[in-house]
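Below: the structure, in structure tokens.
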Amino acid sequence: MKTSTSTRTWHRRKTKTKGGFSLLEILIALTVMGVMLTLAVKDGVSQRDKLERALEQLGRAINFAQAETVFRGSLVRIHFILGPDARYHVEIGPSGRFVIPLDPYQDQTSLSLSERAAQEKRQKKLNLDFHPAENFPQRRDDFVAPISLVAVVTDKLKQPQTAGEASVYFTPQGENDAALIMLANDVEMGVLKLEPYTLEQTIEYFPLAENASGDLDWQTAIDQKIEEIFRKWQ
């Protein structure tokens, strides 16, 4: 009888061991799940969050510029530097000047050398009339990888500005440029749309081409999306 009891107990223990998971197996499973979750956040939610924050900061800059132009009674602009060192700043213009200037920037590839020189001279002269708002710091940290400032469009420009400089102007009378400010990450583009003569801002998101991979394909997808959005906006 003792031998029989011992045998039954041994079989129960053996069955229990084979049906469970060891502590090491559980730790490995948790580690794999953690890595997968981290990659998912990094590739999806994190990129969208950064894009949203950058666009929201642009919206605050627009609100600030609109308030400053009324408070100071002077022309105010948001001045953008596009390219690898992308950034922007709210700048205060001369008081008593309420007419939005024609932005001298346009596609330089269609200009002769003398026309380019004249364009740069006009822009430098215009820039002398503006100085940075002391209570609004220059924004460049918004455009850290994977976020890029890819284009600025206004109703004064003949085409999207993807390099050089561009400005969006505001006047005390409530007039402002109609504008599109385009940001992008690795997988989508976010566009802040500003209507003229109004405080209305809207933000839209557009997926890039599904086959975009690598710098060249990403840039091609960006160029195509900029042109598509610009044509619909005109």
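The ranking of I26, I229 by Cβ neighbour count inside 10 Å, starting from the fewest, reads I26, I229.
Taking other Cβ atoms within 10 Å as a rough exposure proxy, K225, K125, K156 sort from fewest to most as K125, K156, K225. Pairs exceeding a 27 Å alpha-carbon distance, out of K50/K124; K156/K225; K50/K121: K50/K124; K50/K121.
Counting only aspartates and glutamates at least 8 places from K232 when in the same chain, those with an alpha carbon closer than 20 Å to its own are D107, D155, D177, E188, E195, E200, E204, D223.
With neighbours defined as other Cβ atoms within 10 Å of a residue's Cβ, the residues S46, S167 order from fewest to most as S46, S167.
Can you give me the distance in nm between label points at S22 and R231, each placed 7 Å from the Cα along the Cα-to-Cβ direction? Here the answer is 6.2 nm between the modelled labels. Less than 5 angstrom separates the built amide H of E188 from those of L208, all sequence-distant by 5 or more or on a different chain.
Only the coordinates and a few stated rules stand behind these numbers; no lab work does. As the structure is a prediction and not an experimental result, all values here were calculated from the model. In this analysis, Cβ positions are derived from the backbone assuming ideal geometry, glycine residues included, and neighbour counts consider all displayed protein chains.
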